[in-house]
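**Student:** My questions will all concern the structure given below.
The values are calculated or read from the model by the stated rules, or taken from the named source; none is laboratory data. Given the structure is predicted, the values throughout are model-derived calculations rather than measurements. Here the Cβ positions follow ideal geometry from the backbone for every residue, glycine too, while neighbour counts run over all protein chains shown. Note: accessible area is taken over every heavy atom of the protein model, side chains too, but ligands, DNA and RNA are not part of it. Shrake-Rupley method; radii C 1.70, N 1.55, O 1.52, S 1.80 Å.
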Amino acid sequence: MKRKDTVKLISADEMEFVIDKDAVMVSQTIRNLLTSPGGFAETKLGEVTFPEISAVILERICQYFYWALQYSR
Amino acid sequence: MSNQKKRNFQIEAFKHRVVVDPKYAEKTWSILEHAIHEIYNHNASGLSFEELYRNAYNMVLHKFGEKLYSGLVATMTAHLKEISKSIEAAQGDLFLEELNRKWNDHNKALQMIRDILMYMDRTYIPNTHKTPVHELGLNLWRDNVIHSSKIQSRLLSMLLELVHRERTGEVIDRGLMRNIIKMLMDLGSSVYQEDFEKPFLEVSAEFYMGESQKFIECCDCGDYLKKAELRLNEEIERVTHYLDVKSEVKITNVVEKEMIANHMMRLVHMENSGLVNMLLDDKYEDLGRMYNLFRRVPNGLSTIRDVMTSHLREIGKQLVTDAEKLKDPVEFVQRLLDEKDKYDSIISQAFSNDKTFQNALNSSFEYFINLNNRSPEFISLFVDDKLRKGLKGVSEEDVEIILDKVMMLFRYLQEKDVFEKYYKQHLAKRLLSGKTVSDDAERSLIVKLKTECGYQFTSKLEGMFTDMKTSQDTMQGFYASHPELTDGPTLVVQVLTTGSWPTQPSITCNLPAETSALCEKFRSYYLGTHTGRRLSWQTNMGTADIKATFGKGQKHELNVSTYQMCVLMLFNNADRLSYKEVEQATGIPASDLKRCLQSMACVKGKNVLRKEPMSKDIGEDDAFFVNDKFTSKFYKVKIGTVVAQKESEPEKQETRQRVEEDRKPQIEAAIVRIMKSRRVLDHNNIIAEVTKQLQSRFLANPTEIKKRIESLIERDFLERDNNDRKLYRYLA
């Protein structure tokens, strides 16, 4: 498996989604999170936890990311 | 399917988990407050962005945005107050460094906080028109740190002191300066201007005032300008390194005003080193520097220009009225050309070819060349000298250059018709004696004059050239048709058209028998081919080559004028002749005869005749003999060539008079031309129009114009209007 720049998104029920960095940057919020100058916990570990988002929804979100990457540019 | 009870379906919007906890806002806020503290203490690694973001999001969503915002303000203010204290505590030079460090920290923290509170920034703030987080952070910094009473003045004085130190030659930490200044700029341009720029400009003005005072006491003009330029460049460099770009114009204005504008007059008129001295010594570098510096201040260049003009006019006036210099016209004109060259190169090298300076130069030259009313004559003499011998061996381009320079001087003349008269005379002498160095050069000069003044000016001059050419052809024809004459004396005739050549009253003399027979033959030949023309011999303008054998057998070929030839031929038949006999036999007028006898008897090395008594002057009773003891190194001896010279007083008056006479019809022609097209015109306007039309030839005198008008009225070309005495009417 090639090791590209990836980010791990973890849902409320502990499902892990490994997404490309480019896809994840579609979201402004996550982009700010990852590029924030301060040393937040997320940036160090490269994973973001969403305790209020279920896996199903998170899955949809990830699909949306990839769709946006493909069609919005 | 009907039911008794209607069931109402209501579709409810998906609601978020309802918050029941009344302390919810408090709890959430304390989490965020804690986070802010941690951020300011560089402890953010333990925090979860997602959690904080979620909390801020929830607060705004549940309408607690107000609490969040005000809490933020309070927390940040508190932190900034602490920071402010720590900065105040810093000693001496560390003050700025501490400030810089804390500012960087603040910026970083601010960005993190903004990221967390992004949702509030996007929704709550636009709705309530409050300041966005980032701007809020800057404003709070400004109010609590920069404008805190203890810090504000200290900051300013430290910055100004660093600038002062750098100006006195010390090296300062420019990076630090740049960061601090950038901070001020980021806080808003008004902050930058109020807290730094204004005081900076004031202090700079004082500094430069003092410095310029100091320099001007001890330096000369060139040094002072060097220093001023250095300071100016230094300031510009300073701006590029650590100040706002917009300050460049302002600070350069300050320097220019203090160092240059305030001392302009003093610099220009400084003794031994001011503008005049620089011009005299050709100090191109200093002049160039002065030009560049003065260009920046209002009235700078016009000051230089005025001083230069008055200086030029002074020098020019001295030149043209100096009796010594006027003795040699060629020298005189050469000096004028040298001055022009000098100033041309000054303007091109030091003043970057500025047109206004060229114009000033031209007007000055025009002014003083016309101060001396013999200038046209002298310029013509200069050209004459060049065309006779000065251009020998000079390449074609150099010839063109010299002629162009002469044309330039010609343009400055106001009395161009005087020049024309003299030029015609000198050209005639050159052509007839065959003394011109290069035919091409002559023609090229005529072409230049034509371009400058029009066909009218040069038509007669060209006529002279044509005559010379035609005469050559005529002579060939003459000898071709009279082959028997090839044994006898060779005749070369120049047939001159009376209108083109400068006329001189001529009195024919008695030519010796051999020549007169030949002349008659030529006359009949010429009149045979051209009927209806009249030929008159101009014996005062001719030359002759005679072979002579002297007592000891020396043979020489003598080149003499026609008059002299007549005199010498008499001695073929007689050994001794008295003055009276010579006069009678030749019929030459007395003054000319005396001159030609003098040149043959009294000039050492050319004394082919011996005179008794041996005095310089010719008396009525003198007797002449052939000088048998005549010797010369050369076989060919030239006696008495007629050279164009500076006119003597009576000749000058005569030429002047003729010029005046020639002007009269020109003025009249101009008046008639103008009146014909305008029909009715009043006195002042006529004078103005006439002067303008004749400007290219000469400067018309209003009194003269008035006289011409009177004369035209007498001759019924014009009439005075009955009602208005000043009005003139054209009569067809």
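**Student:** Which pairs turn up if I take residues in the stretch B:31-50 that are more than 7 Å from every other protein chain (Cβ to nearest Cβ) and look for partners that are assigned to a loop (DSSP other than H, G, I, E, B) and open to solvent by less than 60 Å² (accessible area, probe 1.4 Å) with beta carbon separation below 6 Å, at least 6 apart in sequence or on another chain?
**Tutor:** Between residues of the stretch B:31-50 that are more than 7 Å from every other protein chain (Cβ to nearest Cβ) and residues that are assigned to a loop (DSSP other than H, G, I, E, B) and open to solvent by less than 60 Å² (accessible area, probe 1.4 Å), the close pairs are B:Ala35/B:Leu47.
**Student:** Cβ-Cβ distance below 6 Å, separation of 6 or more or different chains: which pairs start in the stretch B:90-111 with a residue that is under 16 Å from B:Leu156 (Cβ atoms) and away from every other protein chain (no Cβ under 14 Å) and end on one that is open to solvent by 50 Å² or more (accessible area, probe 1.4 Å) and not acidic (Asp, Glu)?
**Tutor:** B:Asn100/B:Asn179
**Student:** In the stretch B:176-198, what count of residues is obtained for those that are free of Cβ contacts under 8 Å to residues at least 60 places away in the same chain, of a type outside the set (Phe, Trp, Tyr) and either touching a strand residue (DSSP E or B) at 6+ places or on another chain (Cβ under 9 Å) or assigned to a helix (DSSP H, G or I) (or both)?
**Tutor:** Count: 12.
**Student:** Please state which one of B:Arg296, B:Arg335 is crowded, with 16+ Cβ neighbours inside 10 Å and of a type outside the set (A, V, I, L, M).
**Tutor:** Only one candidate passes the filter, namely B:Arg296.
So that you can scan it fast, the table gives a plain yes or no per residue for (1) surrounded by 14 or more Cβ atoms within 10 Å (Cβ to Cβ); (2) under 30 Å from B:Thr458 (Cα atoms):
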position: B:Ser711; (1), (2): yes, yes
position: B:Glu714; (1), (2): no, no
position: B:Leu718; (1), (2): yes, no
position: B:Asn722; (1), (2): no, no
position: B:Leu727; (1), (2): yes, no
position: B:Tyr730; (1), (2): yes, no
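**Student:** If you don't mind, another one. Among the listed residues A:Leu9, A:Leu58, A:Leu69, which satisfies the condition of being buried (at least 18 other Cβ atoms within 10 Å of the Cβ), outside any loop (DSSP other than H, G, I, E, B) and more than 11 Å from chain B (Cβ to nearest Cβ)?
**Tutor:** A:Leu58
**Student:** Looking at the stretch B:20-30, which of its residues are modelled with pLDDT of 85 or more and more than 14 Å from chain A (Cβ to nearest Cβ)?
**Tutor:** Scanning the stretch B:20-30 gives B:Glu26, B:Lys27, B:Trp29, B:Ser30.
**Student:** On the given criteria, is B:Thr321 in contact (Cβ under 8 Å) with a residue 12 or more places away in the chain and under 23 Å from the mean Cα position of the chain (by Cα)?
**Tutor:** Taking the combined requirement at face value, the residue does not satisfy it.
**Student:** Looking at B:Val637, is it in contact with a Leu (Cβ under 6 Å, 6 or more places away or on another chain), closer than 30 Å to B:Phe571 by Cα and modelled with pLDDT of 80 or more?
**Tutor:** The answer is yes for B:Val637.
**Student:** Return the residues of the stretch B:542-575 that are open to solvent by less than 60 Å² (accessible area, probe 1.4 Å), in a loop (DSSP other than H, G, I, E, B) and touching a residue at least 12 places away in the same chain (Cβ under 8 Å); say none if nothing qualifies.
**Tutor:** Once the filter is applied, which keeps residues that are open to solvent by less than 60 Å² (accessible area, probe 1.4 Å), in a loop (DSSP other than H, G, I, E, B) and touching a residue at least 12 places away in the same chain (Cβ under 8 Å), the stretch B:542-575 yields B:Gly542, B:Phe550, B:Gly551, B:Gln554, B:Phe571.
**Student:** Do the conditions hold for B:Val163, that is, is it within 30 Å of B:Tyr224 (Cβ to Cβ) and part of a helix (DSSP H, G or I)?
**Tutor:** Yes, satisfied.
**Student:** For the stretch B:268-285, enumerate the residues that are open to solvent by less than 90 Å² (accessible area, probe 1.4 Å) and within 14 Å of B:Asp306 (Cα to Cα).
**Tutor:** The answer is B:Val268, B:Gly274, B:Leu275, B:Val276, B:Leu279.
**Student:** Also, I was wondering about something else. Counting only residues that are surrounded by 18 or more Cβ atoms within 10 Å (Cβ to Cβ) and within 14 Å of another protein chain (Cβ to nearest Cβ), which one in the stretch B:58-74 is farthest from B:Gly137 (Cα to Cα)?
**Tutor:** Here the answer is B:Asn58.
**Student:** Which numbered condition in (1) under 23 Å from B:Phe410 (Cα atoms); (2) among the hydroxyl-bearing types (Ser, Thr, Tyr); (3) at pLDDT 80 or above is the only one that B:Ser696 fails?
**Tutor:** Tallying (1) under 23 Å from B:Phe410 (Cα atoms); (2) among the hydroxyl-bearing types (Ser, Thr, Tyr); (3) at pLDDT 80 or above, B:Ser696 fails exactly one: (3).
**Student:** Another question about this same structure. Can you list the helices (runs of 4 or more DSSP H) lying wholly within the stretch B:363-472 that have 1 or more residues being surrounded by 18 or more Cβ atoms within 10 Å (Cβ to Cβ) and among the aromatic types (Phe, Trp, Tyr)?
**Tutor:** Those helices (runs of 4 or more DSSP H) span B:375-385, B:396-412, B:416-433.
**Student:** Which condition number does B:Ser189 fail, the rest of (1) open to solvent by 10 Å² or more (accessible area, probe 1.4 Å); (2) modelled with pLDDT of 90 or more; (3) over 22 Å from B:Glu97 (Cα atoms) being met?
**Tutor:** For B:Ser189, the failing item is (2).
**Student:** It is to be established whether one or more residues within the stretch B:516-538 are open to solvent by less than 70 Å² (accessible area, probe 1.4 Å), touching a strand residue (DSSP E or B) at 6+ places or on another chain (Cβ under 9 Å) and not hydroxyl-bearing (Ser, Thr, Tyr).
**Tutor:** No, the stretch B:516-538 contains no residue that is open to solvent by less than 70 Å² (accessible area, probe 1.4 Å), touching a strand residue (DSSP E or B) at 6+ places or on another chain (Cβ under 9 Å) and not hydroxyl-bearing (Ser, Thr, Tyr).
**Student:** Moving on to the next point. For the stretch B:412-464, give me the residue count where each residue is more than 20 Å from B:Arg656 (Cα to Cα) and basic (Lys, Arg).
**Tutor:** Qualifying residue count for the region: 5.
**Student:** Would you pick out the residues in the stretch B:101-156 that are farther than 15 Å from B:Ile36 by Cα and among the acidic types (Asp, Glu)?
**Tutor:** Selection gives B:Asp121, B:Glu135, B:Asp143.
**Student:** Continuing with the same structure: Quick check on this structure: which one of B:Val637, B:Val626, B:Val659 is under 30 Å from B:Thr691 (Cα atoms), in contact with an Asp or Glu (Cβ under 8 Å, 6 or more places away or on another chain) and open to solvent by less than 60 Å² (accessible area, probe 1.4 Å)?
**Tutor:** That would be B:Val659, the only listed residue that is under 30 Å from B:Thr691 (Cα atoms), in contact with an Asp or Glu (Cβ under 8 Å, 6 or more places away or on another chain) and open to solvent by less than 60 Å² (accessible area, probe 1.4 Å).
**Student:** Does any residue of the stretch B:255-265 turn out to be among the hydrophobic types (A, V, I, L, M, F, W, C), under 24 Å from the mean Cα position of the chain (by Cα) and more than 30 Å from B:Met185 (Cβ to Cβ)?
**Tutor:** yes
**Student:** So which residues in the stretch B:232-256 are buried (at least 17 other Cβ atoms within 10 Å of the Cβ) and without any contact (Cβ under 8 Å) to a residue 60 or more places away in the chain, if there are any at all?
**Tutor:** If the condition is that a residue be buried (at least 17 other Cβ atoms within 10 Å of the Cβ) and without any contact (Cβ under 8 Å) to a residue 60 or more places away in the chain, then B:Glu235, B:Val239, B:Ser247, B:Lys250, B:Ile251, B:Val254, B:Val255, B:Glu256 are the ones that fit.
**Student:** Here is a list of conditions, (1) surrounded by 14 or more Cβ atoms within 10 Å (Cβ to Cβ); (2) more than 29 Å from B:Ala428 (Cα to Cα); (3) under 37 Å from the mean Cα position of the chain (by Cα), and B:Thr703 meets all of them except one; can you say which number that is?
**Tutor:** (1)
**Student:** Also, quick follow-up: So which pairs qualify, if the first residue must be in the stretch B:150-166 and farther than 13 Å from B:Leu184 by Cα, the second must be at pLDDT below 90 and of a type in the set (D, E, K, R), the Cβ gap must be under 7 Å, and the two must be at least 6 apart or on different chains?
**Tutor:** Correct list of pairs: B:Lys150/B:Glu88; B:Ile151/B:Glu88.
**Student:** When the residues of the stretch B:580-620 are filtered to those that are assigned to a helix (DSSP H, G or I) and among the charged types (D, E, K, R), which remaining residue is most open to solvent (accessible area, probe 1.4 Å)?
**Tutor:** Top of the filtered list is B:Arg595.
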